[in-house]
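Asks: To start, I am sharing the structure in question, which I have written as structure tokens.
The values are calculated or read from the model by the stated rules, or taken from the named source; none is laboratory data. The shown structure was predicted, so the numbers you read here are calculated from the model rather than taken from an experiment. Cβ placement follows ideal geometry from the backbone for every residue including glycine, while neighbour counts extend to all protein chains displayed.
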Amino acid sequence: MTLPSTPPASDLQAVFDKILVEFRNEHYETALEQFQHFVRCQEITELQELRARRNIASCLLDLAERGNARDRDGDLFYQNLDRYLQLLACVPQQNVAAIPTLDCFEDSLKYSKHIAETTNRSELATSYLQRFLDAAQTKVGRKELVDRAIKVVELMRRDVEHPCNDIIAQQIAEGTLQAIPQEQLPAQKAMLFNLLADLAYFFPKSGEDEQQRYQRVLDYLDAALRVRPQDPYAQRMTLHVQRLAATTLQIKRFGHDTRNRMGNIRQIMQQLLKQTAQQADAQRLALQLDRQFRDLLLVQQVVEGQQPSPEQWKQEDPAKIVNAKLQAFGWSDQCVEIVGEPAEWEFCPDLLGLALENLFRNSAEAYERRNITPPLPPLTVAIDYQQCKLIIRDQAGGVDSALGDIFAPFASSKPVKGNTGLGLTQAADAVRAQHKTFTLSLSQVQPPQGATFEISLPKLD
């Protein structure tokens, strides 16, 4: 649609309405061009220009959200916004609606994620909140503007796909707090501090350890309680974070002490093995103790998410590990089924052994817990050399579907104990720790009265 250079005043509203149709049909590029032409018409009133510039802001924001913004659009957005605020201050208040004004303020905050990263968004939020408040005069109050800012911070906090939304949300929240005079709007202030606490909790800063992060969260929550002492969210979250911080610190201290003691035990074990070399019974017990200690080191490696060292990788027939673990449970090699031509795979034998040990123990405990007499053999391990898979099947009653993700910690049908529900988690972690392509999963097809697990160890490039 082409606008006449100087349309009659009677036609201007009809022209505006036609452009509005394009806007509502989400033809933002067309609507933007026509609104820009419209505001250059000499015959339009200040109120008509105000409404057109409100829609120009919406068009520019929508184009930016869709990734269609041009390089100059950032400057254009704020130039248009400045003119909008000039008009807002001039137009008689009885002709101004509060909702479009609040919408335009909200758009000014949303658009801040599409501008240069070096821009101080905190100052921007403070400045525009005050400018909208001044321009709107009595039509819009500080509380309404702050509520819109809180809404934007909430939206950005939840939109985790944008890589910098947490930083932008934090800056907008801080800028909004700066725009609230002391002793005013305590509920809104507390909500902003609570949002800042959430951002600190879920988005730690680079190089920040857990104790530093928890302290930053607690500082924000303390600020919320200073302005609103009975704020229920801040009270509950403070207790939660304090407990979590204390628990984390205790675990860290325990881990440090444990590592020191394990180093001491290792030295004693080496001395014991040397001294019992000529004493068969003592040597056997010492070797068992040494094996338990090495298993403990493996568990520690898996729990702490440590990558296997080069020395842990081997080219080996997986049947060797499978048979060794079956013998440890008193089960024979009759449990093993061979598919394809035996071959050596590249994997970490110790970590695969840890995973198999947990799976075998899971089956043994399931037979006992459900009072099922184990068949012979109690389980089978199919070694598929063609697909590089181990398929473990038992007849111990199957998997309870109500448990959900059985590889999640504490998902178990066993009676609750201190270590309940950690075996399958540890098994999955031990497989996954070797390489990102290595997996432990439940087979898609399960037997009627049992469970089938698959360990996949695909060839590495």
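Asks: Just checking, how many residues over the stretch 233-277 are aliphatic (A, V, I, L, M), out of contact with any helix residue (DSSP H, G or I) (no Cβ under 8 Å at 6 or more places or on another chain) and at pLDDT 75 or above?
Replies: The number of residues fulfilling the criteria is 3.
Asks: Moving on to the next point. Do the conditions hold for Leu352, that is, is it assigned by TED's automatic domain parsing to the domain that holds Ala427 and under 35 Å from the mean Cα position of the chain (by Cα)?
Replies: Numbers: assigned by TED's automatic domain parsing to the domain that holds Ala427: yes; under 35 Å from the mean Cα position of the chain (by Cα): yes.
Taking the combined requirement at face value, the residue satisfies it.
Asks: Would a scan of the stretch 303-314 turn up a residue that is within 30 Å of Gly263 (Cβ to Cβ), in contact (Cβ under 8 Å) with a residue 24 or more places away in the chain and over 33 Å from the mean Cα position of the chain (by Cα)?
Replies: Yes: the stretch 303-314 contains one or more residues that are within 30 Å of Gly263 (Cβ to Cβ), in contact (Cβ under 8 Å) with a residue 24 or more places away in the chain and over 33 Å from the mean Cα position of the chain (by Cα).
Asks: Count, please, the residues in the stretch 151-166 that happen to be surrounded by fewer than 18 Cβ atoms within 10 Å (Cβ to Cβ) and at pLDDT 90 or above.
Replies: Residues flagged as surrounded by fewer than 18 Cβ atoms within 10 Å (Cβ to Cβ) and at pLDDT 90 or above within the stretch 151-166 amount to 3.
Asks: Also, I was wondering about something else. Being over 30 Å from Val399 (Cβ atoms) and among the aliphatic types (A, V, I, L, M) narrows it down to one residue among Ala328, Ala282, Ala355, Ala319; which is it?
Replies: Details: Ala328 fails: over 30 Å from Val399 (Cβ atoms); Ala355 fails: over 30 Å from Val399 (Cβ atoms); Ala319 fails: over 30 Å from Val399 (Cβ atoms).
Being over 30 Å from Val399 (Cβ atoms) and among the aliphatic types (A, V, I, L, M) holds for just one of Ala328, Ala282, Ala355, Ala319, which is Ala282.
Asks: Inspect the stretch 215-231 for any residue being outside any loop (DSSP other than H, G, I, E, B), within 24 Å of Thr101 (Cα to Cα) and at pLDDT 90 or above and give the result as yes or no. Walk me through how you get there before you give the answer.
Replies: Restricting attention to the stretch 215-231, the residues satisfying the condition of being outside any loop (DSSP other than H, G, I, E, B) are 215-227.
Subset that is within 24 Å of Thr101 (Cα to Cα): none.
Among the residues of the stretch 215-231, not one is outside any loop (DSSP other than H, G, I, E, B), within 24 Å of Thr101 (Cα to Cα) and at pLDDT 90 or above, which makes the answer no.
Asks: Regarding the stretch 112-123, can at least one residue be identified that is part of a helix (DSSP H, G or I), farther than 30 Å from Gln242 by Cα and of a type in the set (Ser, Thr, Tyr)? Quick ask: steps written out before the conclusion?
Replies: Residues of the stretch 112-123 that are part of a helix (DSSP H, G or I), as a first pass: 112-114, 121-123.
Pick out the ones that are also farther than 30 Å from Gln242 by Cα and you get 112-114, 121, 123.
Filter once more, keeping what is of a type in the set (Ser, Thr, Tyr): 112.
Yes, the conditions are met somewhere in the stretch 112-123.
Asks: Among the listed residues Ser332, Ser363, which satisfies the condition of being more than 17 Å from Ile455 (Cβ to Cβ) and polar (S, T, N, Q)? First the steps, then the outcome.
Replies: On the way: Ser363 fails: more than 17 Å from Ile455 (Cβ to Cβ).
Among Ser332, Ser363, only Ser332 is more than 17 Å from Ile455 (Cβ to Cβ) and polar (S, T, N, Q).
Asks: Go through the stretch 125-138 and count every residue that is within 14 Å of Ile180 (Cα to Cα) and buried (at least 17 other Cβ atoms within 10 Å of the Cβ).
Replies: 7
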